[in-house]
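Here the structure comes first, spelled out in structure tokens, and everything after it is commentary.
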Amino acid sequence: MSKTPNYDAAIKKILDQLVPGERVCALTGEKWLMTEEEIGWYKKFNVPPIKISPQTRWWVTSSWFFSFQWWWNKHAETGKPILSFVHPSTGLKVLPDKEWFDKDFSNQAREINTEALFFPQLRELQLTVPIRSEQNNKEPENSIARFSFGDINGFFNMGCATKDSFFNIGSYDIEETAETNVCTSVKNSFNIGYSQRIYNCKFVRSGFDCLDSAFLFDCRDCQYCFGATNKRHAKYIFFNQQLTKEEYESRVSIIDFSRRSIIDEYFKKFVDLMNNQTVWPENFNDQAENSSGEFLTKVSNNKFGFGNASAARDLFWVNYASGDCFDSAFCSGLFDSNDCVFCTNTLKSKNIKFSYHCSTSQNLEYCIDCYNCENCFGCVGLNRKKFHLLNKEYPEVDYWPKLDKLKTKMLERGEYGEFFPMSMATSYFPDSGAVLYLGAPKELGLKLGALDFEPESSGAVGEELSDVSKMKDTSLIPDNIDDLDEKQWLGIPLWDSSWKRRFAFIKPEIDFYRKNRLGPPRRHFIARMQSLFLEANIGKFEDQTCYNCQKQILVALNPTYKNRKIYCHNCYLKYLEENN
């Protein structure tokens, strides 16, 4: 027997009338074809058709991704400064994880008014309930880390497991390394993206099993290479030219990375190599059975997926799914969860709809930061609760009729089936995952309703960087690491005029540059990380033709390398055979 009979009757009328055909995105004007398959997902979840295009859905849900954001906020109760991923201008409060779990935020309960708009009521509740400021999965040791899986002596790492490393995101088994993006098993290296098993390398993109090299793209099992693309089992390659051991060592020996200007010079040469002498595969998928998308690893039946891995299966327009995920659609961030629709960052949960960062829960709708909960709607910050609406508990016999009335009214008003308004997002839109991973234009934020504020507003830079009298322009930073006097530069506010934000060098960072003979950078570390993100393919797809055989292929766009020579899978394998 249905527990929400009025809603079920109303949604049935809508779903029965759905037919495939062209639709126009209500936010961007983009046209897309609503297929029988897409309609099937709405029927499965018993929800109305979404009014925005699949691409825009990703932008909406991933706008809650923090990417690599670091801001100073304040303890919700004491006002003490807390380094968090939540900008104070969002109006959202933060509490340290341990303190958060000691609280019961059902004391912030509201009586739902089914006749009034729902989202303003939820926003009012959201502004009263703090967010966990760290959200670590495993407590880090002596580290500045968020979403940590066990960092040790790490600094400014997000979603990582590292040791003696800093400026990393989404990376595991990282040691004595700086600046990685989605990497595994990287040691003694610098500025590495989407790579695995890398040792003593610098500036590697999509590399596997490489060591003692620099400036690599899609290289595997390579050693002693400098400026190499599309290579397999290679040694002594210098900008795609095969040299003898003696020739290679002679050329490399005079390159002095202790000077930033030299790094910049060779980085420009590498970009030229990527643009003019490099072939790109149609995707970087590996063991992706019956799937389409990009960066899919060991998955099956993923249609339009991005960054999915580790047995994720039977997904439709889902990005960043990992583990035992299945039977879900239109989600961003899905971990060991199933039967979820239009959600962001769902962990170990089942049957979650239109929600953000809920874990070990089931049967939730429009919930934010809820843990170990069941049968809740429109709740924020609850733990181990059942049958709550706007954080207020109801007897089960009363909960279902009230929920039925609420969902029916929301459906009538066109609210039900929408994701949270962008103004409720926890991140700063221009630095969010929507822009950096999935290709949303920065200016789209305002159109989508994102909050508009200056990055350095509301004290987000912190007290240590607030003294303008001590601030120096980054153009004054010495070119050579040997000329960087720590007394003059360590902890001093630095102004990146190109990015219009301030930062400071930290001691482990300078020690790393000295040890690895790297010229000190003149760009904000977040700007450097964003450049690394944007060198990778993003979750925005288009149909193209293979450069070699003209076969039609689906490719992910690349915001840095926009005019790539892309080969289909078969042509690419043949190219590798002929050129290695």
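Read-outs: derived from the displayed coordinates by stated rules, not from any lab. These figures come from a predicted structure and were not determined experimentally. Because the Cβ atoms are built from the backbone with ideal geometry, glycine has one as well, and the counts that use them run over all protein chains shown.
Once the Cβ-Cβ distance between Gln241 and Thr297 is put in as r, and R0 is 30 Å, what FRET efficiency do you end up with, to the nearest 0.05?
Values: r = 32 Å, r/R0 = 1.07.
Once rounded, the FRET efficiency stands at 0.40.
Given Cβ point charges of +1 (Lys, Arg) and -1 (Asp, Glu) and nothing else, what value in debye, to the nearest 20, does the dipole of segment 43-171 about its Cα centre take? Before the final figure, lay out the partial values.
Working: 15 positive and 13 negative charges, 115 e Å.
So the dipole magnitude of segment 43-171 works out to roughly 560 debye.
Computed over segment 465-533, relative contact order equals 34 percent, with contacts defined as Cα pairs under 8 Å that lie 6+ residues apart. Using only Cα atoms, find the angle between the long axis of helix 260-276 and the longest principal axis of the chain, and express it within 0 to 90 degrees, rounded to the nearest 10. Helix 260-276 and the main axis of the chain meet at about 70 degrees. For the chain, the longest principal axis of the C-alpha atoms and the axis of helix 569-579 are separated by about 10°.
The overall shape of segment 465-533, judged from the alpha-carbon gyration tensor, is oblate: a/c is not under 1.5, and a/b is no greater than b/c. Each residue of segment 286-301 was assigned a 3J(HN,Hα) from its phi angle through the Karplus expression (A = 6.51, B = -1.76, C = 1.60, θ = phi - 60°), giving 9, 6, 10, 6, 6, 9, 9, x, 9, 6, 9, 10, 6, 10, 9, 6 Hz with x at Gly and Pro.
Can you give the alpha-carbon Rg of segment 74-139 over 2.2 N^0.38 Å, where N counts its residues? Mind dumping the intermediate values first?
Numbers: Rg = 13.6 Å, N = 66, 2.2 N^0.38 = 10.8 Å.
So the Cα radius of gyration is 1.26 times the expected 2.2 N^0.38 Å.
Once you have a ≥ b ≥ c as the square roots of the Cα gyration tensor eigenvalues for the chain, tell me rounded if a/c is under 1.5, and otherwise prolate or oblate according to whether a/b is larger than b/c. Since a/c reaches 1.5 but b/c is at least a/b, the shape of the chain is classed as oblate. Angle, helix 36-45 long axis vs. longest principal axis of the chain, Cα atoms, 0 to 90°, nearest 10? Once rounded, one gets 60 degrees.
What does the C-alpha gyration tensor say about the overall shape of segment 425-540? Classify as rounded when a/c is under 1.5, otherwise prolate if a/b is larger than b/c, or oblate. Could the numbers behind the result be given before it?
Details: a/c = 2.88, a/b = 1.59, b/c = 1.82.
Here segment 425-540 falls in the oblate category.
Just to confirm a number: summing +1 for Lys and Arg and -1 for Asp and Glu over residues other than His388 whose beta-carbon lies under 14 angstrom from that of His388, what do you get? For residues surrounding His388, the net value is -2. Projecting the Cα atoms of Ala109, Tyr513, Thr177 onto the dipole axis of the chain, where Lys and Arg carry +1 and Asp and Glu carry -1 at the beta carbon, places Ala109 farthest toward the positive end. Between amide H atoms placed 1.01 Å from N, distances below 5 Å from Asn168 occur with Asn157, Met158, Glu179, Thr180, all of them 5 or more places distant or on a separate chain. Around the amide H of Tyr567, modelled in the peptide plane, lie the amide H atoms of Trp280, Glu282, Tyr547, all under 5 Å away and 5 or more residues distant in sequence or on another chain. Only Lys, Arg, Asp and Glu carry charge here, each on its Cβ (+1 for the first two, -1 for the last two); on that basis the chain has a dipole of about 600 debye about its Cα centre. Summary of the geometry: segment 44-89 and segment 319-343, compared by the centres of their Cα atoms, lie 17 Å apart. Once both labels are positioned 7 Å from their Cα atoms along Cα-to-Cβ, the gap between Gln17 and Asp212 label points is 7.1 nm.
In this label model, Lys348 and Lys43 are separated by 3.5 nm, measuring between points 7 Å along each Cα→Cβ vector. Taking the helices alone, the chain has a mean residue ellipticity at 222 nm of -6500 deg cm²/dmol, built from -39,500 (n - 2.57) per DSSP H run of at least 4 residues and averaged over all its residues.
Place a +1 charge on the Cβ of each Lys and Arg in segment 5-52 and a -1 charge on the Cβ of each Asp and Glu, then give the dipole magnitude about the Cα centre in debye, rounded to the nearest 20. Present the calculation step by step, with values, prior to reporting the outcome.
Values: 7 positive and 7 negative charges, 32 e Å.
Computed about the Cα centre, the dipole is about 160 debye.
Remark: segment 213-228, residue by residue, has Karplus-estimated 3J(HN,Hα) of 9, 8, 6, 10, 9, 6, 10, 9, 6, 10, 9, 6, 10, 9, x, 9 Hz, where x stands for each Gly or Pro and the curve is 6.51 cos²θ - 1.76 cosθ + 1.60 at θ = phi - 60°.
Cα convex hull of segment 70-213: mean projected area in nm², to one decimal? Display every interim value, and only then the final one.
On the way: hull surface 41.8 nm².
Result: a mean projected hull area of 10.4 nm².
If the chain linking Met471 and Leu117 were pulled fully straight, counting 0.36 nm for each residue of separation and taking away their Cα-Cα distance, it would gain 122.7 nm.
With q set to 0.16 Å⁻¹, the log10 of I(q)/I(0) for segment 472-580, from the Debye formula over equal scatterers at the Cα positions, is -0.78. For Lys103, the amide hydrogen comes within under 5 Å of no other amide hydrogen, counting only partners 5 or more places away or on other chains and with H modelled in the peptide plane.
3J(HN,Hα) along segment 189-202, derived from phi through the Karplus expression 6.51 cos²θ - 1.76 cosθ + 1.60 where θ = phi - 60°, amounts to 9, 8, 6, 10, x, 6, 9, 9, 6, 10, 9, 6, 10, 9 Hz, with x in place of Gly and Pro. Could you work out how far the C-alpha centroid of segment 1-16 sits from that of segment 163-203, in angstrom? Each part's Cα centre sits 51 Å from the other's.
When exposed loop sites are taken as GluC sites (Glu not before Pro) in a DSSP loop with at most 14 other Cβ atoms within 10 Å, the longest stretch of the chain clear of them is 116-442.
Given a Förster distance of 25 Å, report the FRET efficiency between Asn579 and Val271 from their Cβ-Cβ distance, rounded to the nearest 0.05. Kindly include the intermediate steps, with their values, before the conclusion.
Values: r = 21 Å, r/R0 = 0.82.
Using R0 = 25 Å, I get an efficiency of 0.75.
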